[in-house]
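Heads up, the thing below is written out as structure tokens.
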């Protein structure tokens with residue numbers, strides 16, 4: 001071998017050595033520049049922004065605390081946020097970027113249908129998905145790489161059915177968002193749980209702003225209640241229902257606390273009964289997290305159930321990353337002191353938080 005070839009080989013070895021110093025793999029996760037990448041995907045803008053914008057802040061606070069405490073095994077966490085506007089196509093694009101470009105091996109994802117769309121690919125990629133907004137058996141059935149630490153999806157419908165029965169509702173109609181998998185699930189559980197009669201079920205798609213035809217059909221059927229299962233657009237439905245003369249009761253989900261929904265409703269959301277979960281902010285660690293959130297945002301979280309579970313999710317992910325296997329590390333977490341209470345994963349990879357009944361008073365949730 002001549003001197004020129006020897007020098008070329010030495011240069012190649014030096015470049016490889018430098019690259020190996022900049023990128024390493026620990027426990028199956030990519031580490032670059034002494035950082036562990038964790039991805040977050042959810043809606044920060046658009047009609048479902050209330051589901052993600054405070055969740056992203058909660059994730060940031062959790063990462064700041066973890067890094068201040070020394071990170072994970074001496075490595076800092078790098079959190080990369082991706083806004084998908086609750087659009088599954090954008091969820092998939094965000095995933096591709098996080099995995100293929102950023103090297104994320106753990107992704108917190110708040111877009112329900114996005115988890116289903118990505119499940120098979122994530123399994124092939126060796127990526128762990130954790131949902132901090134929704135938790136049910138349909139999610140955990142996707143595989144041992146899918147986890148959830150969130151409010152129990154079925155409990156939403158169960159609470160609404162129970163409250164409708166307590167309100168002596170005999171006939172109801174359902175107006176539901178059919179462009180994702182979540183609201184149809186809640187709708188189906190409500191229908192199975194409600195002892196009264198569901199006389200009409202009407203679905204609508206992304207971009208719908210005129211609900212008068214569906215509502216008119218319900219009024220013609222003399223419904224005493226309308227079950228609204230959707231996002232900010234349901235505020236328009238409330239306004240249109242009252243304009244058409246509907247005087248019955250609205251039942252809905254926690255998204256009724258969204259300022260954008262209430263603005264669209266123009267006062268007609270008041271008195272709505274809904275399923276919701278609120279954190280015990282007078283107790284630690286929820287108390288300390290709340291103070292940090294308010295200091296960062298200048299206001300409390302709009303939707304507790306989208307915020308506090310995310311904070312706990314990032315915290316337990318960091319703890320799980322200290323083990324040899326992230327998936328097993330999550331399953332091993334039991335009685336972790338979180339803002340949502342003692343966090344203990346079931347064998348199916350779930351931590352389910354049951355919701356309760358609330359009524360909207362002066363724009364804020366009040367327990368029934």
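Sorted from largest to smallest, which semi-axis lengths in Å does the alpha carbon gyration tensor of segment 118-270 give for its equivalent ellipsoid, taking the root of 5 times each eigenvalue? Let's see the in-between values first.
Details: eigenvalues 187, 59, 35 Å².
Those come to 31, 17, 13 Å.
If the convex hull of the alpha-carbon atoms of segment 241-345 is projected onto planes in all directions, what is the mean projected area in square nanometres? Don't jump to the answer; show the numbers that get you there.
Numbers: hull surface 34.9 nm².
Its average projected convex-hull area is 8.7 nm².
What residues from segment 291-310 fall in the zone where the backbone N is under 11 Å from a label point 7 Å along the Cα-to-C-beta line of residue 64?
The answer is 291-298, whose backbone nitrogens lie closer than 11 Å to the label point.
Can you sort 205, 119 so the residue with the fewest Cβ neighbours within 10 Å comes first?
Neighbour counts put them in this order, fewest first: 205, 119.
Sort 171, 367, 105, 296 by Cβ crowding within 10 Å, fewest neighbours at the top.
Values: 171 16, 367 9, 105 24, 296 13.
Going from least to most buried by this count: 367, 296, 171, 105.
Full-extension gain between residue 121 and residue 144, please, as 0.36 nm times their residue separation minus the C-alpha to C-alpha distance.
Values: separation 23, 0.36 × 23 = 8.28 nm, distance 1.33 nm.
Difference between extended and current length: 6.9 nm.
Per-residue counts of other Cβ atoms within 10 Å, averaged by peptide: what ranking do you get for 333-343, 350-360, 141-151, highest first? Walk me through the numbers on the way to the answer.
Values: 333-343: 17.1, 350-360: 19.4, 141-151: 22.7.
With the highest mean Cβ count within 10 Å placed first, the list reads 141-151, 350-360, 333-343.
With axes computed from alpha carbons, what is the tilt in degrees of helix 112-125 against the longest principal axis of the chain, rounded to the nearest 10 within 0 to 90?
20 degrees
Along Cα→Cβ, 7 Å out, is where each label goes; now give me the distance between the ones at residue 222 and residue 137 in nm to one decimal.
A separation of 3.8 nm, rounded to one decimal place.
Once the Cα gyration tensor of the chain is found, what semi-axes does its equivalent ellipsoid get, as square roots of 5 times the eigenvalues, in whole Å, sorted largest first?
They are 44, 21, 18 Å, listed largest first.
Report the residues of segment 155-191 in range of a label on residue 199: point 7 Å along Cα→C-beta, backbone N strictly under 12 Å from it.
Answer for this model: 170-174.
Give me the distance in nm between label points sitting 7 Å out from Cα along the Cα-to-Cβ direction at residue 325 and residue 165, one decimal.
So the label points at residue 325 and residue 165 sit 4.2 nm apart.
How much length, in nm to one decimal, is gained on full extension between residue 213 and residue 266, taken as 0.36 nm per residue of separation minus their Cα-Cα distance? Don't skip to the answer; put the middle values down first.
Values: separation 53, 0.36 × 53 = 19.08 nm, distance 2.00 nm.
Additional length available on full extension: 17.1 nm.
Would you mind ranking 324, 362, 102, 87 so that the residue whose beta carbon has the fewest other beta carbons within 10 Å leads the list? Please list the in-between numbers first.
Details: 324 9, 362 6, 102 16, 87 20.
Exposure proxy ranking, most exposed first: 362, 324, 102, 87.
Rounded, prolate or oblate: which one fits segment 183-225, using the alpha carbon gyration tensor with axes a ≥ b ≥ c (rounded when a/c is under 1.5, else prolate when a/b beats b/c, else oblate)? Walk me through the numbers on the way to the answer.
Working: a/c = 3.45, a/b = 1.18, b/c = 2.92.
Oblate is the answer for segment 183-225, as a/c is 1.5 or above yet b/c matches or exceeds a/b.
In nm, to one decimal, how far is the residue 73 label point from the residue 97 one, both placed 7 Å along Cα→Cβ?
Taking the simple label geometry, residue 73 and residue 97 are separated by 2.9 nm.
Laboratory data are not the source of any read-out in this text; all were calculated from the coordinates shown. Quick caveat: nothing in here was measured; it's all calculated off a predicted structure. Virtual Cβ from ideal backbone geometry, glycine too; neighbours counted across all protein chains shown.
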